[in-house]
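Notes follow the structure.
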Amino acid sequence: MTKVLAPKYNPKEVEDGHYSFWEERKYFHSEPDSSRKSFTIVIPPPNITGVLHMGHALNTIIQDVLIRWRRMEGNNTLWMPGTDHAGIATQNVVEKSLIQNGLKREEMGRKRFLDAVWQWRDEYGSTIIKQLKKLGSSCDWERERFTMDEGLSAAVREAFVRLWEKGLIYRGKYIINWCPRCQTALSDDEVDHETHDGHLWYIKYPFRDEPHLSMTVATTRPETMLGDVAVAVNPEDERYKEFVGETLVLPVVGREIPVIADAMVDKAFGTGSVKVTPAHDPNDFEISLNHGLEPVVVMEGDATMSKDAGEYAGMDRYECREALVEELRHRGSIAKIEPHTHSVGHCYRCRTVIEPRLSDQWFVKMKPLAETAIKATHEGLVTFHPARWTKVYLDWLENVRDWCISRQIWWGHQIPAWHCKDCEEVNVARTTPTTCSKCQGANLEQDPDVLDTWFSSALWPFSTLGWPEDTEELKNYYPTNVLVTDRGIIYFWVARMVMMGLEMLGSVPFHKVYIHGTILDELGRKMSKSMGNGIDPLDMTERYGVDAVRMSLLLLTTEGQDIKLSESKFEMGRNFTNKVWNATRFILMNLEGQTPPPLSATKDAALSFEDKWILSRLNLAIGTTTAELERFRFNDALRTIYEFFWHEFCDWYLEIIKPRLYEPVNEEDKAVARSVLVHVLQHTMKLLHPFAPFLTEEIWQTLRENFRENGLLEEGVIIASWPVAERRDRDIEKTMELLQEIVRSLRNIRRNLDIPDKQPLSAIISAHAKTAVQLLEQHSGFLKQMAIVEDLDIGHDLSKPRSSASAVVGSLQVFVPLSGVIDIDVEKQRQQKRITELDSYLEKVRKKLSNKNFVEKARADVVENERSRETELSEQISKLRQILTDLEK
RNA sequence: GGGCGCUUGGCUCAGUGGCUAGAGCACUUGCUUCACACGCAAGGGGUCGGUGGUUCGAGUCCACCAGCGCCCACCA
């Protein structure tokens, strides 16, 4: 008994069921298997604090398409999932929630706080994973990893120790980026620069020996003058040469500071003389090293002024700025204040203005690592898609600075270094040491800092596969094939993975990097929580269905271009899911519960014209879809299927075969049509499966339920094989094009002359060539049916009946005699318009052909093509002119 | 300051130097036709930001310009 489908596709009814079905069948699971080609993607691990947004959705859907497609192709496919502990972000979130319960991190202590974070993680950390599943992600969930789980933590330690042993990790006192709110160091990449409208304060520093004279320095941060230890000028600067070596007195503070010469000073900026604040500015720190100056720290970690700030101690940095400027103004020390636009660093996690701070930190020496990565990239071992990102990535590697990896937070991988309290030796070890390697003392204390989250992320492609153990997984799945991500983390993540992969395993972690576009709102702005301009992907899946969301996004995904998204875009996908659903419904209804023989059992001779045509087009669609997927052209791949299914299969094939189904000339012909229907449906469902897994699975299973016994579903119960393109028949495709054109021209006449859709026409088609007459006669049934023509007269050089509408199709003429009233003016207008149109084409063609250079230099086939176009166009025009003349009689 | 991307019909976007520049949405007209009004059929609408160049031929390559956007930079 045939299952009757509802007239509308209802995604909600089927989605959950199919997902758990796939999981139960272990459809997503992969085991190492050296006999098969593997295809691996590691997911960009979302933060455990994350909530799914459109960016994740797009990223995930793209990976799922690639994975499902390659799986269907027969690869041993692994999509490795997991989450990232996201050090600072998570610590911030948990701290906030604890504060609501009156709990402060500092009061709780490290151990209790970390317990609370783990608890939070167990409770909320898998939210995003559930959301990824909702989208249909076919990850191997049995292998899910977390950057802080045991195995990955071991990998982090191993990597750290190896780098330390090679001298690629060092510790020291430097100026780093400090977030006063998160109270931790950040790497250069974790600082977002924004342009601010600020001021440039010009402050006069008097000479000690001649207090009525002074040097003027310009600064954007007057409060840091409390920590000034010198004034520097360029050694080449004639204006100041004579002052080098003199002593100035720092206003308000009263400290005596020297005038020094340093090439780092830009003569052209400000006054050409600059205050030197080593503890609070990276350049000044460098200058101080060259000149042996002792830094004066005037600010604490929370951006309040320190005791060395004298009377300003305890004030917030901006409060201090205001008070100090007021004081300077009062004393007459301000020469002038100018408006000044400059860029200000902000913490990428909390937006607080970054403070350069002098402190002890751990660093990775990047140059040697970068060089290896650059080399591997030049050798083509890693390619970017689109290719332009290669340059962005290489530029970063070439100018890379050392990476500050220590963070003064608690949530993360604590640095595997133990400080000996007796001899100050730093013991770096894979396992917790009990005695100092230098003095054998047992007074060891682990470094309190944790590692930058991106340190563990950099190991992700192999730590998730069991490294540093020598696992079967590593042998089978590493290097992975494709990395799919967004341009925002090329430096943070992609480049560092390449470096670490090469350093730890000696090979790149992936061969291709696909960088997809960013999802923007309707106005082209980034979607953000604070602006409230986001579109919630889960809300969209509720309203339109997962497959509709997937297909809509993929139809918008051109190679790497940003996507301006609005809710209405999802209608495109939903409409298509419904179209597919209804075509299936139609097919099932017309199979009447009977099982057609597989197409392979049907003789070619039994196939009719339209059968051969649709099969030829199917083969084209299969080939094109596959080729476009290879190139990461998701929109073109899906558009191919969309076009084929909707505008060829539904619009033409389903329509033309209706009589064969409803009033068949014989049962065999009906059975053949049914076989073709099922064949095309099955193959399109396969092609569509990576894009719309739920819909296609539902249809597949419905077919199976109905035809359990017939061998139509050769792969069993899950869509599991990718179709292979077979031969096309171009002659048939060409004939079809002609027939379609004739049908369209007849429909056009009908509409233009206001003939009701159902009223049958009489039509005459005149051809000059005998072969054309023959061909058309063969297909007269097709024409009659599709254009609703009752009497069709096809013949050699037939003449136009007196009162009739006409059209020229290729070398043919189509006439529709109209016994009743025919509006001559409408018909004349129609013909005139067409003549004008063709005339302009003809003009272009003639222009080309009259160009001697074109005829001589252009490819022969191009010239030949233009020649035949000229002939055809002029013939068409003259026929149309004749028609027009007749009308005027 | 440097780099990159974008500018094609009303809107959102495709478009591998040469098929009459396409699609979805919107629009117009006609259809409650027994798969689908989340539909069917027929249409209207752009000369591809500007200028110059390369070429037999440019939306497609090059240069410059303009507007929009993104990224990078030790702009005291």
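Every read-out reported here was derived from the displayed coordinates using simple, explicitly stated rules and does not represent laboratory data. Since this is a predicted model, take the numbers as computed values, not measurements. Cβ coordinates were reconstructed from backbone atoms using ideal geometry, including for glycine residues, and neighbour counts include every protein chain displayed.
Side notes on the structure shown:
- Label zone at A:Glu872, where the point sits 7 Å out along the Cα-to-Cβ direction: segment A:734-757 residues whose backbone N lies under 17 Å: A:734-745
- Ranked by how many other beta carbons lie within 10 Å on average, peptides A:573-579, A:852-858, A:309-315 from highest: A:573-579, A:309-315, A:852-858
- Each peptide in A:421-429, A:320-328 gets a packing score, the mean of other Cβ atoms within 10 Å over its residues, and the list from highest to lowest is A:320-328, A:421-429.
- Chain A, relative contact order [Cα under 8 Å, separation at least 6], %: 12
- If you plug the beta carbon distance of A:Ala268 and A:Leu523 into 1/(1 + (r/R0)^6) with R0 = 41 Å, you get a FRET efficiency near 0.55.
- The length gained on full extension between A:His212 and A:Glu13, counted as 0.36 nm times the residue separation minus their Cα-Cα distance, comes to 63.0 nm.
- Contact order normalised by residue count of segment A:513-631, Cα under 8 Å, 6+ apart, percent: 23
- Cβ crowding within 10 Å averaged over residues, with A:641-649, A:273-281 ranked highest first: A:273-281, A:641-649
- Estimated purely from DSSP H runs of n ≥ 4, each contributing -39500 (n - 2.57), the mean residue ellipticity at 222 nm for chain A is -13500 deg cm²/dmol once divided by its residues.
- Stretchable slack from A:Glu123 to A:Lys658, in nm (0.36 nm times residue separation minus alpha-carbon distance): 186.9 nm
- Here the relative contact order of segment A:763-864, from alpha carbon pairs under 8 Å that lie six or more residues apart, stands at 25 percent.
- Neighbour net charge for A:Thr219 - beta-carbon separation under 10 angstrom, K R +1, D E -1: -1
- Between A:Thr435 and A:Leu103, the distance separating the two model label sites (each 7 Å from Cα on the Cα→Cβ line) works out to 4.0 nm.
- For A:Lys375, a cut-off of 23 angstrom between C-alpha atoms picks up these lysines, skipping any fewer than 8 places away in its own chain: A:Lys166, A:Lys365, A:Lys367, A:Lys391, A:Lys512.
- Taken over the alpha carbons of segment A:603-654 as equal point scatterers, the Debye sum produces base-10 log I(q)/I(0) values at 0.13, 0.27, 0.28 Å⁻¹ of -0.35, -0.95, -0.99.
- Candidate lysines - alpha carbon under 28 Å from A:Lys204, same-chain residues fewer than 8 apart omitted: A:Lys241, A:Lys267, A:Lys275, A:Lys307, A:Lys336
- Rounded FRET efficiency, nearest 0.05, which uses the C-beta distance separating A:Asp651 from A:Thr885 and R0 of 45 Å: 0.80
- Gained length - A:Glu790 relative to A:Asp823, 0.36 nm times residue gap less alpha-carbon distance: 9.7 nm
- Straight Cα distances below 29 angstrom link A:Lys8 to the lysines A:Lys130, A:Lys133, A:Lys134, A:Lys564, A:Lys569, A:Lys579, A:Lys658, A:Lys670, A:Lys686, A:Lys758, with same-chain residues fewer than 8 positions distant left out.
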